[in-house]
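The values are calculated or read from the model by the stated rules, or taken from the named source; none is laboratory data. These numbers come from a predicted model, not from an experiment. Please note: Cβ atoms are built from the backbone with ideal geometry, for glycine as well, and neighbour counts cover all protein chains shown.
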Amino acid sequence: MQMKQSQFDLIKRQLKRLTAVEGGFYQKKFEGIDIDGIQTQSDFEKLPFSWKGDLREAYPLGLQAVPDEEIVRIHSSSGTTGTPVIIPYTQRDVEDWAIMFKRCYETAGVTKLDRIHITPGYGLWTAGIGFQAGAELLGAMAIPMGPGNTDKQLRMMMDLKSTVLTATSSYALLLAEEIAKRGIGERIHLRKGLIGSERWGEKMRKRIAAELGVQLYDIYGLTEIYGPGIGISCDDESGMHYWDDYIYCEIVDPKTGEIVPDGEIGELVITTLRKEGAPLIRYRTHDLTRFVLGDCACGSQYPRIDTLIGRTDDMIKVKGVNIFPSQIDELLRDIEGASSEYQVMIDHLNGKDILTLFVEREKGADSEQLEHEIHRRFKLKIGITIVPKAVGIGDLPRSEKKSTRIFDNRY
Ligand code: ZN
């Protein structure tokens, strides 16, 4: 994607400021790099990436790029593995985040008249308060529930006539099921759902939408970059618009770090354009997506990234093509006679990669026909030739973890 002049100017301003912070994170990281020498987009693309590991090393406040008196709040990403990451925010950062979140609501057609039921958590986590600040800036009524206590959630939802639900996909599904179970659908006034953009299947999405009777929108974000609210899907449901006056996005090959051609899948890399407290330059999100090219039918001029395809840790590269388990799921779903159980073996023989895909065939399906179809569609959709092998139902081991379906014997 072509960087806009306005983005380049903001990036240059950031780089100058960040490298001037004595002993700061970026002064160290960019040591020996001539910042004044960065004159073009491709110069910028030579800058080193930043990683979650950098942020952990900077714990607790090593990322802070302004004097203490300018910091008004911190947030922290859940440290399920080791040291947490702490992100300091200035007044301006907090305001900018609310502005972006307001745009998200507007993109989803939420207005001042709406009552926004907020179930994501409050506290160190960025979710709840972001949904709330955006709702208040929009002028809608925020109902700051936080997670849990389903009885109370449903009671408030009915009594206050909440019209917009904000939730994780799993919590939205739980609420939808409770509403169905209790037969209180008639007393629920929801019309829209803004759902956090963890990767969730089309099936789950349809179920939530149908049971709640709402239109769903995917909202994107991560604690390191403000939090949720830096992008959202629109009525056209063709990816998520992101706010390119606040963030600059690149899509890179997760293995090589090279920029991929526009429209191809890769890892999303984000640079903050205006963040003050803890700006990030070329931050690797580990989220896999692609740019959605062309204009959106909704009329929004903000560019789009696709709904998240997965995490980089899931990716495999075969015959020079990046493949993700979610693509295989999707491919098999459309093939008659193929069950959703499969296993992938990758070998390297005589200088060539060989991908063997074992698929359980449903009762009555013809093995040869099924293999032929899988072979054809794999070539068509993913672009490589594979060796399909149909096996009987129950022949493949069952596992909770998706990643254990892929066996890479090449290294
Ligand atoms: Zn759109």
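Within segment 340-351, the only residue that satisfies the criterion of being crowded, with 18+ Cβ neighbours inside 10 Å and of a type in the set (S, T, N, Q) is GLN343.
Residues that are of a type in the set (D, E, K, R), under 26 Å from ILE179 (Cα atoms) and either free of Cβ contacts under 8 Å to residues at least 40 places away in the same chain or more than 16 Å from the ligand (Cβ to nearest atom) (or both) within segment 205-233 comprise ARG205, LYS206, ARG207, GLU211, listed in sequence order.
Given the criteria under 30 Å from ALA65 (Cα atoms), surrounded by 16 or more Cβ atoms within 10 Å (Cβ to Cβ) and out of contact with any His (no Cβ under 7 Å at 6 or more places or on another chain), does LEU280 qualify? Against the criterion (under 30 Å from ALA65 (Cα atoms), surrounded by 16 or more Cβ atoms within 10 Å (Cβ to Cβ) and out of contact with any His (no Cβ under 7 Å at 6 or more places or on another chain)), LEU280 qualifies. Restricting LEU18, LEU55, LEU10, LEU47 to those that are assigned to a loop (DSSP other than H, G, I, E, B) and under 14 Å from LEU280 (Cβ atoms) reduces the list to LEU47. Screening the candidates LEU165, LEU175, LEU160, LEU190 for the property of being closer than 15 Å to GLY213 by Cα and more than 24 Å from the chain's Cα centre (by Cα) yields one hit, LEU190.
Filter segment 101-112 for residues that are away from the ligand (no atom under 16 Å from the Cβ) and more than 16 Å from VAL214 (Cβ to Cβ) and give the result. Write out each step before concluding.
Let us first name the residues in segment 101-112 that are away from the ligand (no atom under 16 Å from the Cβ), namely 101-102, 111-112.
Those that are away from the ligand (no atom under 16 Å from the Cβ) and more than 16 Å from VAL214 (Cβ to Cβ): PHE101, LYS102, LYS112.
Among the residues of segment 186-204, the ones that are within 16 Å of the ligand (Cβ to nearest atom) and at pLDDT below 95 come to 1 in all.
Against the list (1) among the basic types (Lys, Arg); (2) modelled with pLDDT of 90 or more; (3) under 30 Å from ASP235 (Cα atoms); (4) not assigned by TED's automatic domain parsing to the domain that holds VAL269, the condition LYS352 fails is (3). Answer yes if at least one residue in segment 58-65 is in contact with a strand residue (DSSP E or B) (Cβ under 9 Å, 6 or more places away or on another chain), closer than 14 Å to ILE281 by Cβ and hydroxyl-bearing (Ser, Thr, Tyr), and no otherwise. Scanning segment 58-65, I find no residue that is in contact with a strand residue (DSSP E or B) (Cβ under 9 Å, 6 or more places away or on another chain), closer than 14 Å to ILE281 by Cβ and hydroxyl-bearing (Ser, Thr, Tyr), so the answer is no. Segment 234-328 holds strands (runs of 3 or more DSSP E) entirely within its bounds, and those carrying 3 or more residues that are at pLDDT below 95 and away from the ligand (no atom under 16 Å from the Cβ) map to 283-289, 316-318, 321-323.
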